[in-house]
Amino acid sequence: MSKQERHLPSDHPQIYNAVSRRDFVRSTAIIAAGVASSADLFALTRQSAPANEPPPVRLGLASYTFRNFPRAQMIAFMKQLNVLTLNAKDVKDHLPSDPQQEAAALADYAAAGIKLHAAGTIYFPKDEDTDIRNKFEYCKRAGISVIVAGDPAPETLPRIEKFVKEYDIRFAIHNHGPEDKIWHSPLDVLKAVKSMDPRMGCCIDVGHTVRAGTDVVQAIQEAGPRLFNVHVKDLTSFQSKESQVPVGDGVMPLRKMFAALIAMNYKGFVDLEYEIHPDDPMPGTIASFAYMRGVLAGLAPEA
């Protein structure tokens, strides 16, 4: 019996089984989520991040994770998580589309040291300049370089491309799995934008991707330089949207995904989008970041 196993609580057989069948990084996150206090969990999450060197893949947060919480509370959560990079959505008061309210939100984020790297999901239901320009202006005011787009119709893409060129903002179409009639897989996005400006690309939602029957590692590799954002989550079944669990507790091939991103020198963010337990998301969010940071620490090159 290993030293790791000797210190496992005897009344947590589920944790013991996890240790025996998963790697150490996964078991650490599970143990933390199961037996540690809140203070211990926060410490684990913070200490998992390398102190000197940046991780080989940058982690961020999708604000939809905290969709039931106002901006001030989300900022407090982000500080506890030691995550200061945000993919903001116009939900609650996270990043309102009203210019005045947006300015107040941006001031709050700046004061907290939080940087916005993307906005979304933003929807583009109209094939008209005014509607599209308003959304690009919204992101320009916030200094956001990536729009994560939910449902643009293929016929609107040439018009959107003109604004991408004008504003120099990358446009990442988000796939939504089998339920999405157009963009169920990142491969559908890549087919649509392959001849367009290189700033037209995709946001890969890994959960929706695997549910669409697409190999998520292959999709990352095929997207290459047209991959601008990743929404990460975990599932216990690739056939069930309702099987979401904290990252590390499911069957998502996270290590292979991160390795593929590192191999292609991915410069974007991997944003945790934890969609379950919306009224109490912190335990699963903490465990997810702890696990992801552990995986990245194991993939980082030795000094």
- Query: L116's amide H: which non-local residues (gap 5+, or another chain) put their own amide H closer than 5 Å, with H modeled 1.01 Å from N in plane and none for Pro or chain starts?
  - Reply: L86
- Debye intensity ratio I(q)/I(0), log10, region 151-195, q values 0.13, 0.19, 0.29, 0.31 Å⁻¹ (C-alpha model): -0.29, -0.59, -1.12, -1.20
- Query: Between K267 and S195, 0.36 nm times their residue separation minus their Cα-Cα distance comes to what?
  - Reply: 23.7 nm
- Hey, can you grab everything whose amide H is under 5 Å from the amide H of I173? Only 5+ residues off in sequence or another chain; H modelled, so Pro and N-termini drop out. A149, G201, C202, C203
- Over 29 Å between C-alpha atoms is what I'm after, so list which of K115/K191; K126/K256; K191/K267 land there. K115/K191; K126/K256
- Accessible area per residue of region 99-194 at 1.4 Å probe, in Å²? 47
- Note on the structure: Per its Cα gyration tensor (rounded if a/c is under 1.5, else prolate when a/b beats b/c, else oblate), region 165-303 is best filed as oblate
- Task: Take the solvent-accessible surface of the protein heavy atoms, probe 1.4 Å, and return the percent of it on region 233-303 that carbon and sulfur atoms account for.
- Result: 54
- Between region 66-97 and region 233-303, the alpha-carbon center distance in angstrom: 19
- Karplus (6.51, -1.76, 1.60) ³J(HN,Hα), θ = phi - 60°, over region 283-299, in Hz, Gly and Pro reported as x: x, x, 5, 4, 4, 5, 5, 4, 5, 4, 5, x, 4, 5, 4, x, 8
- Task: Provide the gained length on full extension for the span K162 to D279, in nm with one decimal, where the gain is 0.36 nm per separating residue minus the Cα-Cα distance.
- Result: 38.1 nm
- Item | Two-site FRET efficiency, A153 against S243, from Cβ-Cβ distance with R₀ of 41 Å, rounded to 0.05 | 0.85
- Item | R0 of 51 Å, Cβ-Cβ distance D215-A107: FRET efficiency to nearest 0.05 | 0.75
- Cα centroids of region 158-216 and region 138-152: how far apart, whole angstrom? 14
- Message: Once you order the gyration tensor axes a ≥ b ≥ c over the Cα atoms, which shape class does region 259-299 get: rounded for a/c under 1.5, otherwise prolate or oblate by comparing a/b with b/c?
- Response: oblate
- Message: Accessible area of region 65-138 with a 1.4 Å probe: how many percent of it is carbon plus sulfur?
- Response: 50
- Item | Principal axis dimensions, largest first and in whole angstrom, of region 106-164 by Cα | 40, 18, 15
- Gain in span if fully extended, D98 to E222, counting 0.36 nm per residue against the direct Cα distance: 40.9 nm
- Note on the structure: About its Cα centre, region 231-303 carries a charge dipole, from +1 on Lys and Arg Cβ atoms and -1 on Asp and Glu Cβ atoms, whose size in debye to the nearest 20 is 380
- What size of dipole, in debye to the nearest 20, comes out for region 156-303 about its Cα centre when the only charges are +1 on Lys and Arg C-beta atoms and -1 on Asp and Glu C-beta atoms? 600
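The values are calculated or read from the model by the stated rules, or taken from the named source; none is laboratory data. All of these numbers come straight from a predicted model, not from anything done at the bench. In this analysis, Cβ positions are derived from the backbone assuming ideal geometry, glycine residues included, and neighbour counts consider all displayed protein chains. To get the accessible areas, we keep the full protein, side chains included, count just its heavy atoms, and leave off ligands, DNA and RNA. Shrake-Rupley method; radii C 1.70, N 1.55, O 1.52, S 1.80 Å.
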